[in-house]
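What follows is one structure encoded as structure tokens, with my remarks underneath.
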Amino acid sequence: MSLLSFLDYAGVALFAATGALSASRKQLDLIGFLFFAAVTGIGGGTLRDIILGRVPVFWVLNPTYIIICAFVGVLFFFTAHLFESRYRLLIWLDAVGLSAYCVMGAAKGMAATGSPTVAIVTGALTATFGGILRDLLANEPSVLLRPEIYVTAAIVGAGVFTAANATMLPLYISAGLGVAAAFAVRGGALWFGWTFPTYHHRPGRHPDDVM
């Protein structure tokens, strides 16, 4: 198995785990676990392939990804209760999945277009869209609305990988640097509460007050 293939499978499995954990927090049945695991696991990659015009999308060409999501969903259906804090585990698994998937998404974007800009965008979308879908479906506070840095970590990881790849470094070094950079930023945001300055001027009015 190539390094990029490993990152692809690992990213899908880790995001599927966060989807299954989210289903456990909502006390869903087994089908709910499978659905959340699949949507979260393949959501980002599906959006990436559609944007790049790569159809059929990756999991249609290789159903192994669906099997991985199903396996993870079943596994967590029977084991999620063993974890003391499922939400803490969810956000840290999400951080690891984001780190792997931003590099994978950037590599696919670069291979399809040759554009570093597109590579960084597809890396960020691949790494974040599944988590956004998960929180939306679970009616949980979106990772985008949490104060800690999130999307920026994926952009940094994809950017570092793309820059390292442009210098003709070996693939495993470029990928390792990208994964490490993304995890350092996202992990630091979770551990130390890193944030960007927020907008502090007059808040938006309620629509009824404007009409």
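The values are calculated or read from the model by the stated rules, or taken from the named source; none is laboratory data. The model shown is predicted, which means the values in this text are computed figures rather than measured ones. Heads up, the Cβs are rebuilt from the backbone with ideal geometry, glycines too, and the neighbour counts pull from every protein chain shown. To get the accessible areas, we keep the full protein, side chains included, count just its heavy atoms, and leave off ligands, DNA and RNA. Shrake-Rupley method; radii C 1.70, N 1.55, O 1.52, S 1.80 Å.
Within region 28-75, how many residues turn out to be closer than 21 Å to Leu98 by Cβ, in contact with a Cys (Cβ under 9 Å, 6 or more places away or on another chain), open to solvent by less than 70 Å² (accessible area, probe 1.4 Å) and not β-branched (Val, Ile, Thr)?
Looking only at that region, the number is 3.
Among the listed residues Ala119, Ala124, Ala80, Ala100, which satisfies the condition of being open to solvent by less than 50 Å² (accessible area, probe 1.4 Å) and more than 16 Å from the chain's Cα centre (by Cα)? Step through it out loud before you land on a result.
On the way: Ala119 fails: more than 16 Å from the chain's Cα centre (by Cα); Ala124 fails: more than 16 Å from the chain's Cα centre (by Cα); Ala100 fails: more than 16 Å from the chain's Cα centre (by Cα).
Testing whether each residue is open to solvent by less than 50 Å² (accessible area, probe 1.4 Å) and more than 16 Å from the chain's Cα centre (by Cα) leaves just Ala80.
Results for (1) among the small types (Gly, Ala, Ser); (2) under 23 Å from Phe36 (Cβ atoms); (3) within 17 Å of the chain's Cα centre (by Cα), shown as yes or no for each residue.
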position: Asp135; (1), (2), (3): no, yes, yes
position: Glu148; (1), (2), (3): no, yes, yes
position: Ala163; (1), (2), (3): yes, no, no
position: Thr167; (1), (2), (3): no, no, no
position: Leu171; (1), (2), (3): no, no, no
position: Gly178; (1), (2), (3): yes, no, yes
position: Ala184; (1), (2), (3): yes, no, yes
position: His200; (1), (2), (3): no, no, no
position: Pro207; (1), (2), (3): no, no, no
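Run Thr198 past the list (1) open to solvent by 80 Å² or more (accessible area, probe 1.4 Å); (2) in contact with a Ser or Thr (Cβ under 9 Å, 6 or more places away or on another chain); (3) of a type in the set (Val, Ile, Thr) and report the number of the one that doesn't hold.
(2)
Within region 1-17, can you find the residues that are of a type outside the set (Gly, Ala, Ser) and crowded, with 21+ Cβ neighbours inside 10 Å?
Filtering region 1-17 down to residues of a type outside the set (Gly, Ala, Ser) leaves 1, 3-4, 6-9, 12, 14-15.
Correct list: Leu7, Asp8, Val12, Leu14, Phe15.
Just give me the residues in region 157-186 being buried (at least 18 other Cβ atoms within 10 Å of the Cβ) and under 18 Å from Ile91 (Cβ atoms), in sequence order. Full working, then the answer.
Of all residues in region 157-186, those buried (at least 18 other Cβ atoms within 10 Å of the Cβ) come to 157-162, 164-165, 174-175, 177-179, 181-183, 185-186.
Listed by number, the residues that qualify are Gly157, Val179, Ala182, Phe183, Val185, Arg186.
Does Leu190 satisfy the condition of being of a type outside the set (Asp, Glu), assigned to a helix (DSSP H, G or I) and open to solvent by 70 Å² or more (accessible area, probe 1.4 Å)? Please lay out each step first, then the result.
On the way: of a type outside the set (Asp, Glu): yes; assigned to a helix (DSSP H, G or I): yes; open to solvent by 70 Å² or more (accessible area, probe 1.4 Å): no.
Taking the combined requirement at face value, the residue does not satisfy it.
Restricting attention to region 130-157, report how many residues are small (Gly, Ala, Ser) and under 14 Å from Gly44 (Cα atoms). Before the answer, list the steps.
Step one: list which residues in region 130-157 are small (Gly, Ala, Ser), which gives 130-131, 138, 142, 153-154, 157.
Pick out the ones that are also under 14 Å from Gly44 (Cα atoms) and you get 130-131, 154.
Of the residues in that region, 3 qualify.
Every residue in region 144-154 that is surrounded by fewer than 20 Cβ atoms within 10 Å (Cβ to Cβ), part of a helix (DSSP H, G or I) and in contact (Cβ under 8 Å) with a residue 40 or more places away in the chain, please.
Correct list: Thr152 only.
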